Amino acid sequence: MTALHATTGDRADTTYGTGNGRAPDRHIATTETTAEAEAVAFTRRLIRFDTRNACTDSPDRCNERPAAQWAADRLAEAGIAPTIMESAPGRAIVTATLPGMDRSLPPLLIHGHLDTVPVDPAQWSVDPFGGEIRTDADGIPCVWGRGAVDMKDMVGMTLAALRSLARNGTRPRRDVRLALLPDEEAGGRYGSIWVAEHRPDIFAHVGYVVSETGGFSDQVNGRRVYYVQVGEKGTQWFRLEARGTQSHGSQINRDNAVVRIAEAACRIAAYRWPVDVNPVTRMLLDGLRSLTDSPAGSAQAVDDEAVRTLVRHAGATEPWIASSLRNTFNVSSIDADSTVNVIPATASALVDGRALPGQEEPLLRTLRSLAGDGVTVSAIHRSNGYLSDPSGALFRAAANAIHEFDPQARVLPFLSSGGTDSKAVLGVSPGAQALGFAPLRTPPAFRYIARFHGVDERVPVESLRFGERVLERFIATL
């Protein structure tokens, strides 16, 4: 591990051209605060750092150091002293603290990752590392590039908000820690997991944790709704293995490992978990029910078909909302490593399971039952989910910050089926409340969820401006 203080480097590009020499888009507002301008400019600059994570076992699969150094320089410019350390060469971690008025209060930790998933530039209509501003087919001016929503937008907005508070001499109520991490897209071995094992002080004694995914808006029955993530399902990855009798492909074989594993895969794929009415599900369904005048919801006996009908009103976010209500299985691979004329002795399959908090062991027992005789189940990776109080101070602060700038909107909680580095943080500070809160007010036509890891990933310019305002208020008042 190396540690050093940031030095000055290249400054933010705060111009609003398209990145390719053309004039600024005529739809982009010209009146904005310095912090809002920086949120857009910082997101664009971060996208221009190629931080693709190849998701292999090699530590040199990604190099976040240049992006980390640039972010540290922006903090240092504002008088927020950063520190950079490396878990492996190029795998850089940035930490900094903005002191609060009452340092006896448990700190707020805001964490983000600098790496992105891979990208095939040939599939994109723009340079995925250009950070260009272009108007999309729906007439929405957006910042385009890999990481625009996952999650260089949140990092850019956070840097702008912290700089604005420091520049204006505004001290938040409590200490605010920032941790910019590598390797999240590959599981955090060189990022959050490394910090938890080697520098747990960075995650220790925090009361509140904020990171990516939640806080975006969507439309429900013509009403704007913000979905704030208050928990995560536990990742449960397994390998199934079956053995049979190897033989020539022309022979009758009633002991076929491929058939055995395929039958197990079909049983797993056909299994339907019931809706689980935990506190988050109850608030979410009640909120959707009130917005749609639907009789379905948690106030009555939960009927799967009625709930499915209700969730269809959740807008473009429906796939994420639907998967947050129950445990899930997905068979993601079947492999026998054979040729057409050989019935192999073994076959295997991979299963991606996601367990609601506290249901990790029931999920495993169900998987073993569905796999059946002659199929072994072994764990590849298992993590527990978490659930923060959807009526607690952290969620209320997020809702209040949104309502400050969008008073008529509704704010609803949900559980994410994906994973973030918050799990590693909560392993060190298990009593902390955690949210996914990257606040973005998106136009009705913009399908935010569909942009994650997708081709032509982009985020609306006005969403970044809105997000900076909300984050700044949230950080100052929590």
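Is it fair to say residue 112 is under 29 Å from residue 398 (Cα atoms) and in a strand (DSSP E or B)? So residue 112 passes the test.
Within the stretch 256-278, take every residue that is touching a Lys or Arg at 6+ places or on another chain (Cβ under 9 Å) and open to solvent by less than 50 Å² (accessible area, probe 1.4 Å) and give me the one that is nearest to residue 349 (Cα to Cα). Working first, answer last.
Our first condition is that a residue be touching a Lys or Arg at 6+ places or on another chain (Cβ under 9 Å); within the stretch 256-278, this holds for 257, 260, 272-276.
Cutting the leftovers down to open to solvent by less than 50 Å² (accessible area, probe 1.4 Å) gives us 257, 273, 275-276.
Working: 257: 11, 273: 20, 275: 26, 276: 27 Å.
Only one residue tops the list, namely 257.
The set of residues in the stretch 310-361 that are closer than 26 Å to residue 254 by Cβ and in contact with a Gly (Cβ under 7 Å, 6 or more places away or on another chain) comprises 340, 341, 342, 343, 345. Among the residues making up the stretch 192-212, a single one is open to solvent by 10 Å² or more (accessible area, probe 1.4 Å) and among the hydroxyl-bearing types (Ser, Thr, Tyr): 208.
For the stretch 332-360, a residue qualifies if it is farther than 10 Å from residue 233 by Cβ, at pLDDT 95 or above and surrounded by 18 or more Cβ atoms within 10 Å (Cβ to Cβ), and the qualifying residues are 347, 348, 349, 351. In the condition set (1) outside any loop (DSSP other than H, G, I, E, B); (2) buried (at least 19 other Cβ atoms within 10 Å of the Cβ), residue 122 is compliant with all but (2).
Within the stretch 235-248, does at least one residue satisfy the condition of being over 30 Å from residue 350 (Cβ atoms), out of contact with any Asp or Glu (no Cβ under 6 Å at 6 or more places or on another chain) and hydrophobic (A, V, I, L, M, F, W, C)? Give the derivation first.
As a first pass, look at the stretch 235-248 and keep what is over 30 Å from residue 350 (Cβ atoms): none.
Looking for residues that are over 30 Å from residue 350 (Cβ atoms), out of contact with any Asp or Glu (no Cβ under 6 Å at 6 or more places or on another chain) and hydrophobic (A, V, I, L, M, F, W, C), one finds none in the stretch 235-248, hence no.
Yes/no matrix, rows are residues, columns are (1) over 23 Å from the mean Cα position of the chain (by Cα); (2) under 25 Å from residue 463 (Cβ atoms); (3) assigned to a helix (DSSP H, G or I):
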| position | (1), (2), (3) |
| --- | --- |
| 35 | yes, yes, yes |
| 41 | no, yes, yes |
| 54 | no, no, no |
| 105 | yes, no, no |
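Suppose the filter is free of Cβ contacts under 8 Å to residues at least 12 places away in the same chain, surrounded by fewer than 24 Cβ atoms within 10 Å (Cβ to Cβ) and either under 20 Å from the mean Cα position of the chain (by Cα) or not assigned by the TED database to the domain that holds residue 96 (or both); does residue 224 pass it?
no
Screening residue 321 with (1) in contact with a helix residue (DSSP H, G or I) (Cβ under 9 Å, 6 or more places away or on another chain); (2) at pLDDT 95 or above; (3) hydrophobic (A, V, I, L, M, F, W, C); (4) not in a strand (DSSP E or B) gives one miss only, at (2). Residue count for the stretch 56-103 satisfying the condition of being open to solvent by 40 Å² or more (accessible area, probe 1.4 Å), part of a loop (DSSP other than H, G, I, E, B) and within 25 Å of residue 130 (Cβ to Cβ): 1.
The values are calculated or read from the model by the stated rules, or taken from the named source; none is laboratory data. This is a predicted model, so every value here is computed, not measured. Cβ: placed from backbone, ideal geometry, glycine included. Neighbour counts: every protein chain shown. Keep in mind that these areas ignore ligands, DNA and RNA; they rest on the heavy atoms of the full protein, side chains included. Shrake-Rupley method; radii C 1.70, N 1.55, O 1.52, S 1.80 Å.
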